[in-house]
1. Go through (1) surrounded by fewer than 24 Cβ atoms within 10 Å (Cβ to Cβ); (2) not in a loop (DSSP other than H, G, I, E, B) and name the single condition ASP118 misses.
2. Out of (1) crowded, with 16+ Cβ neighbours inside 10 Å; (2) closer than 30 Å to ASP99 by Cβ, what's the single condition that is false for GLU185?
3. What residue, of ASN141, ASN154, is modelled with pLDDT of 85 or more, of a type in the set (S, T, N, Q), closer than 24 Å to GLY109 by Cβ and surrounded by 20 or more Cβ atoms within 10 Å (Cβ to Cβ)?
4. Can you tell me how many residues within segment 71-90 are in a helix (DSSP H, G or I) and farther than 25 Å from TYR138 by Cβ?
Amino acid sequence: MLIKKKGNDFFILGSALTSFALALFFHSQKTPPKTEVSKQESATNINREFLKLFSIGNKKLISNIIWIQTLIESDNEKIKDQATHSWMFHRFKTIASLDPKFYENYLWGGMYLSIIKDDLEGAAEIYDLGLKYYPDDYSLNYNSGFNLFYEMDNIKAGLSRLEKIQNHPKAHWRIKFLVNKLKFEEEKNFEQAIEFLNLQLETVQDNFLKHKIEKDIFSLKVESDLNCLNSNLPNCNRTDPNGINYIFEKNRWRSETDGVHFKIFRKLKK
């Protein structure tokens with residue numbers, strides 16, 4: 001009986017080992033399903049107040065470590081909801097709380113959020129934080145203004161940023177024209193816009209630029225005339241600056257150059 005029992009034990013053990021070996025073999029033949037988790041969901045952001053307390057005396061060091069880690073882990077996944085900030089926004093804001101004068105954090109952080117991540121509100125906040133410490137900086141004002149008026153459709157706020165740097169030594173001559181166009185978009189002051197362009201026309205030497213200014217002046221005058229005619233106001237011009245008659249059609253006045261307007265290029269909304 002004892003020998004028989006041992007034989008049964010060996011048989012059970014052998015069966016178990018065989019089953020285990022077969023299970024390992026079949027498992028190795030299967031490719032496990034891949035679980036992909038976006039960086040937005042997997043990124044870790046430590047509480048800012050805790051970090052500020054924890055990093056006393058080493059704030060710059062820790063902010064640099066977080067900055068480098070963020071650059072290494074950076075991705076190009078756009079946020080789906082403007083109410084939800086990108087994980088990178090939280091990193092940039094943490095760096096700002098640890099090292100408020102870390103200039104690159106505001107410049108490159110704001111650009112990355114605006115252009116790559118499509119986190120427009122987050123970019124605006126990062127730029128605003130940077131402008132508290134660098135209020136006259138050309139690049140921060142320019143990028144912030146561009147994000148506001150072009151991406152967020154906030155002309156008034158964007159205009160204030162660009163007005164601040166229009167006479168900056170780094171400012172391209174186009175900045176003044178951009179400011180003028182934004183002012184026109186905001187105020188619809190035809191006379192002011194035309195006066196500005198006429199003054200510019202007297203100073204420029206470049207033929208291409210002159211042609212562009214003349215075209216803008218023409219567009220402004222036509223738009224102003226048509227607004228006057230379609231509002232049934234008195235003493236309106238009935239011809240455009242080239243002497244071509246405006247056309248009354250389908251109860252509205254129009255010109256042969258309809259479609260050419262003095263407007264800043266705006267991003268097409270999806």
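1. Among (1) surrounded by fewer than 24 Cβ atoms within 10 Å (Cβ to Cβ); (2) not in a loop (DSSP other than H, G, I, E, B), the lone unmet condition for ASP118 is (2).
2. Tallying (1) crowded, with 16+ Cβ neighbours inside 10 Å; (2) closer than 30 Å to ASP99 by Cβ, GLU185 fails exactly one: (2).
3. Just a single option satisfies the conditions, and that option is ASN141.
4. Residues meeting the conditions: 4.
Here is a yes/no grid of residues against (1) hydrophobic (A, V, I, L, M, F, W, C); (2) farther than 26 Å from ILE115 by Cα; (3) not assigned by TED's automatic domain parsing to the domain that holds LEU113:
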| position | (1), (2), (3) |
| --- | --- |
| LEU131 | yes, no, no |
| PHE149 | yes, no, no |
| ARG161 | no, no, no |
| LYS212 | no, yes, yes |
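The values are calculated or read from the model by the stated rules, or taken from the named source; none is laboratory data. Source: prediction; values computed, not measured. Here the Cβ is made from the backbone with ideal geometry for all residues, glycine too, and neighbour counts use every protein chain on show.
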